[in-house]
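K.L.:
My questions will all concern the structure given below.
The values are calculated or read from the model by the stated rules, or taken from the named source; none is laboratory data. The model shown is predicted, which means the values in this text are computed figures rather than measured ones. These accessible areas exclude ligands, DNA and RNA; they are computed on the full protein's heavy atoms, side chains included. Shrake-Rupley method; radii C 1.70, N 1.55, O 1.52, S 1.80 Å.
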Amino acid sequence: MSKFEFMNDFNFLSDGEITLKILQKYNGDDELLPFYYYEIFIDDTPVGKISIRIGSNYHSYYNGNIGYEIDKGYRGNHYSYKACKLVFHVAKAHGMNELIITCDESNIASYKTIEKLGAELIETVKPPEDYFAYREDMEKQKIYKLHIK
């Protein structure tokens, strides 16, 4: 596997309201795609985290290209939606025109965010046992495709 080329232009992203600051860059392996991992800030207050995974493979269909979490006290402010819009620039710079975004079937807030982004539901499915993050009690995953402009 060749070493992934990160772009340093994306260590800091902001839309004027939220700011993403890089926490980690991971080169990827046989299962995990290369990714940028950010902390999400409102002013100087950390409110959550987001990652953008570059490329696609068997596991990314179930894991998705974006993962986010907003700290409990800051939920309901559309911070994950706004952070996703910022990381779209990273995906585009790496030649990606579409993303897979997934969430647990019961995660209403997450799938409402995904749908607000304009993603289309492909299917709701229990990941197969050979998926790297599989566990017996795993929920079905809602799997969406999003075309980014």
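K.L.:
Quick one: how many Å² of residue 56 are accessible to a 1.4 Å probe, rounded to 10?
P.N.:
Number for this one is 100 Å².
K.L.:
Tell me, what % of the accessible area of the range 11-149 is carbon and sulfur with a 1.4 angstrom probe?
P.N.:
Heavy-atom surface of the range 11-149 belonging to carbon and sulfur, 1.4 Å probe: 46 percent.
K.L.:
Now for a different question. Could you grab the relative contact order for the chain? Cα pairs under 8 Å, six or more apart, rounded to a whole percent. If you can, show how the numbers build up before the last one.
P.N.:
Numbers: 266 pairs, mean separation 26.6, N = 149.
Averaging sequence separation for qualifying contacts and normalising by length gives 18 percent for the chain.
K.L.:
In sequence order, what are the phi-derived ³J(HN,Hα) couplings for the range 41-46 according to the Karplus relation 6.51 cos²θ - 1.76 cosθ + 1.60 with θ = phi - 60°, rounded to whole Hz, with x for glycine and proline?
P.N.:
Each residue's phi maps through the Karplus curve to give 10, 10, 6, 9, 9, x Hz.
K.L.:
Same structure, new question: Go from 0 up to the bin containing the longest alpha carbon distance in the range 100-149, width 5 Å each, and give me the % of pairs per bin.
P.N.:
5, 23, 28, 21, 14, 8, 2, 0
K.L.:
Multiply the residue gap between residue 32 and residue 140 by 0.36 nm, knock off their C-alpha separation, and tell me the result in nm, one decimal place.
P.N.:
The span from residue 32 to residue 140 would gain 36.9 nm if fully extended.
K.L.:
Ok, one more. Within the set 3/82; 49/85; 92/145; 72/145; 21/49, which residue pairs have Cα atoms separated by over 18 Å?
P.N.:
Values: 3/82 30 Å; 49/85 14 Å; 92/145 15 Å; 72/145 27 Å; 21/49 9 Å.
Pairs exceeding the cut-off: 3/82; 72/145.
K.L.:
Using the heavy atoms of the protein chains and a 1.4 angstrom probe, tell me the accessible area per residue for the range 20-130 in square angstrom. Don't jump to the answer; show the numbers that get you there.
P.N.:
On the way: 5570 Å² over 111 residues.
So the range 20-130 comes to 50 Å² accessible per residue, rounded to a whole number.
K.L.:
So, one more: Hey, what do the phi angles of the range 51-61 turn into as Karplus ³J(HN,Hα) couplings, whole Hz, using 6.51/-1.76/1.60 and θ = phi - 60°, x for Gly and Pro?
P.N.:
10, 10, 9, 9, x, 8, 7, 3, 6, 5, 4
K.L.:
How big is D, in µm² s⁻¹, for the range 1-113 by Stokes-Einstein at 25 °C and 0.890 mPa s if Rh is the Kirkwood radius over C-alpha pairs?
P.N.:
Numbers: Rh = 14.4 Å.
Reported coefficient: 170 µm²/s.
K.L.:
A further question follows. Please report how far the C-alpha centroid of the range 75-112 lies from that of the range 2-18, rounded to the nearest whole angstrom.
P.N.:
Distance between centres, Cα-based: 15 Å.
K.L.:
Which value, in Å² and to the nearest 10, is the accessible area of residue 126 when all protein chains are kept and the probe is 1.4 Å?
P.N.:
Answer for residue 126: close to 80 Å² accessible.
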